[in-house]
Amino acid sequence: MLKVLVADDERIARNIISLLLKKMPDVGEVIEAEDGNQALEAVTTHNPDIIFLDIQMPGQTGIQLAEKLTPDNVVIFITAYDEYAVNAFELSAVDYLLKPFEDKRFFEAMERAKRQLSSQDESQSKDLETLVKYALSERQSAYKSRLVVKEPGRIRLLDIKQINYIAGAGNYAEVHLFDGTMVLHRETLTTLEQQLDSAVFARIHRSTIVRRNSIVELRPNDKGDYSVLLKNGAELTLSRRNKHKLADFFH
């Protein structure tokens, strides 16, 4: 069974990676560290097979820590900044994940790390130029593919494909799913609007974002607004200030 160290100063980032690792049957122990000094101690104490290193951490950075590791340590760097890619591969990182990353991209990195562990041919380990181009080509778009929702006792990874519409509630958003349930997410509607693909979602009211293909009917009313009927029967409002978006719904 594989032993994996996750070193990141963001608890949510550690939790997400730990959740993904639990889906892999060949992963046994998962050790967490919240700064570079803890990570170095964990490497010495636990001798992990695979190490996830955040590049920017207190104590010492992931780059500084990687310089102290041996060639036997299989390292995957994780960071929100792509300018470190060349340094990462010069330090023999097997892969480089840009936050936020897709589950598929994470599992690709793990498979690459496992191949590196089992490989006896060092010449196959990496081609710097190819790997840097690969890492940068995997840069995530500006749009989220999932929401990280904090709930009592757990962190939930919510796939954007599950969302029917979102209603604003102050500094929170009521995320309504296709299964009929509602999830309360601590983020403003304006922030969410910037993170969602405008080709998929539309802001129809100051307090509402809706999935475009969920709309089945638009009904004008006396106030100049429109009632928006969704496939599940929900009825929302398209405000007058958003009437210019009407044409988009007929494309």
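Go through the residues of the range 221-237 one by one and say whether even a single one is within 24 Å of Asp103 (Cβ to Cβ), at pLDDT below 90 and not small (Gly, Ala, Ser). Checked against the condition, which is being within 24 Å of Asp103 (Cβ to Cβ), at pLDDT below 90 and not small (Gly, Ala, Ser), the range 221-237 yields no hits at all. Of the residues that make up the range 203-218, is at least one under 18 Å from the mean Cα position of the chain (by Cα) and not basic (Lys, Arg)? No, the range 203-218 contains no residue that is under 18 Å from the mean Cα position of the chain (by Cα) and not basic (Lys, Arg). When the range 58-71 is filtered for residues that are open to solvent by 20 Å² or more (accessible area, probe 1.4 Å) and either without any contact (Cβ under 8 Å) to a residue 12 or more places away in the chain or touching a Leu at 6+ places or on another chain (Cβ under 6 Å) (or both), only Thr70 remains. Note on the range 208-221: among residues that are crowded, with 17+ Cβ neighbours inside 10 Å and not small (Gly, Ala, Ser), the one that is farthest from Gly168 (Cα to Cα) is Ile215.
I'm trying to understand the selection: among the residues of the range 30-72, which are among the acidic types (Asp, Glu), within 25 Å of the chain's Cα centre (by Cα) and more than 16 Å from Asp95 (Cα to Cα)? Matches in the range 30-72: Glu32, Glu34, Asp35. Considering only residues of the range 222-244 that are over 14 Å from Ile166 (Cα atoms) and in contact with a strand residue (DSSP E or B) (Cβ under 6 Å, 6 or more places away or on another chain), which is most open to solvent (accessible area, probe 1.4 Å)? Selected residue: Lys231.
Open to solvent by less than 50 Å² (accessible area, probe 1.4 Å), more than 15 Å from Thr79 (Cα to Cα) and touching a residue at least 12 places away in the same chain (Cβ under 8 Å), is that true of Ile31? The answer is yes for Ile31.
May I ask you to verify whether Val6 is in a strand (DSSP E or B), crowded, with 18+ Cβ neighbours inside 10 Å and either of a type in the set (S, T, N, Q) or touching a Leu at 6+ places or on another chain (Cβ under 6 Å) (or both)? For Val6, the condition - in a strand (DSSP E or B), crowded, with 18+ Cβ neighbours inside 10 Å and either of a type in the set (S, T, N, Q) or touching a Leu at 6+ places or on another chain (Cβ under 6 Å) (or both) - is not met. Of the set (1) open to solvent by less than 50 Å² (accessible area, probe 1.4 Å); (2) modelled with pLDDT of 90 or more; (3) under 22 Å from Arg105 (Cβ atoms), all apply to Ile55 but (2).
Apart from one condition, Leu189 fits all of (1) over 21 Å from Ile17 (Cβ atoms); (2) at pLDDT below 85; the exception is (2). Among residues of the range 203-218 that are part of a helix (DSSP H, G or I), those with a beta-carbon under 8 Å from a residue that is crowded, with 17+ Cβ neighbours inside 10 Å and among the small types (Gly, Ala, Ser) at least six positions away or on a different chain give the pairs Arg212/Ala202.
Here Tyr165 meets each of (1) aromatic (Phe, Trp, Tyr); (2) modelled with pLDDT under 85; (3) open to solvent by less than 70 Å² (accessible area, probe 1.4 Å) with one exception, condition (2). Which of the residues spanning the range 169-207 are surrounded by fewer than 20 Cβ atoms within 10 Å (Cβ to Cβ) and touching a His at 6+ places or on another chain (Cβ under 9 Å)? Matches in the range 169-207: Tyr172, Glu174, Met182, Val183. Evaluated against (1) open to solvent by less than 20 Å² (accessible area, probe 1.4 Å); (2) closer than 27 Å to Asp159 by Cα; (3) modelled with pLDDT of 90 or more, Pro48 falls short on exactly one condition, (2).
The values are calculated or read from the model by the stated rules, or taken from the named source; none is laboratory data. Quick caveat, the model's predicted, so the values are computed rather than measured. We place every Cβ from the backbone using ideal geometry, glycine too, and count neighbours over all the protein chains shown. What goes into the accessible areas is simple: the full protein's heavy atoms, side chains included, and nothing from ligands, DNA or RNA. Shrake-Rupley method; radii C 1.70, N 1.55, O 1.52, S 1.80 Å.
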